[in-house]
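First comes the structure, then the notes that go with it.
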Amino acid sequence: MADQQAPKQINFTILPEEDSSTPRTYANFCSIAHTPFDFTLTFCEVMPLSEKEIKEAETHHVVRAPVRAKIVVPVQFVPT
């Protein structure tokens, strides 16, 4: 019988490499949705509302905000 070696296990830490050319995106709101397989984080920028927008929000109960980023991660990434 030939010698079979088990795959070598290596423990390591992943560190994000800061790059000054990577754009920074501002978001002050995050909506989280999920399926059994993944989580979707939708980041938006909510600005102060004008009088007109406040009146519309009172009527429709909705405030629209531009999406700045949408990130989908596997459910295994989210701690329990």
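Read the figures in this text as sums done on the coordinates, not as results from a lab. All values derive from a computational prediction rather than experimental measurement. Backbone-built Cβ (ideal geometry, glycine too); neighbour counts: all protein chains shown.
A few comments on the model shown:
- Phi-based couplings in Hz for the range 61-78 (Karplus 6.51, -1.76, 1.60; Gly and Pro marked x): 6, 9, 10, 8, 9, x, 6, 9, 6, 10, 10, 10, 10, x, 4, 5, 6, 8
- Radius 15 Å from Cβ of C30, net charge of other residues (Lys, Arg +1; Asp, Glu -1): +1
- For the peptides 45-54, 18-27, residues were scored by their other Cβ atoms within 10 Å and the scores averaged per peptide; the highest-first order is 45-54, 18-27.
- Between 0 and 90°, nearest 10: helix 51-60 axis offset from the chain longest Cα axis: 70 degrees
- In the calculated pair-distance distribution of the chain, the portion above 22 angstrom amounts to 57 percent of the Cα-Cα pairs.
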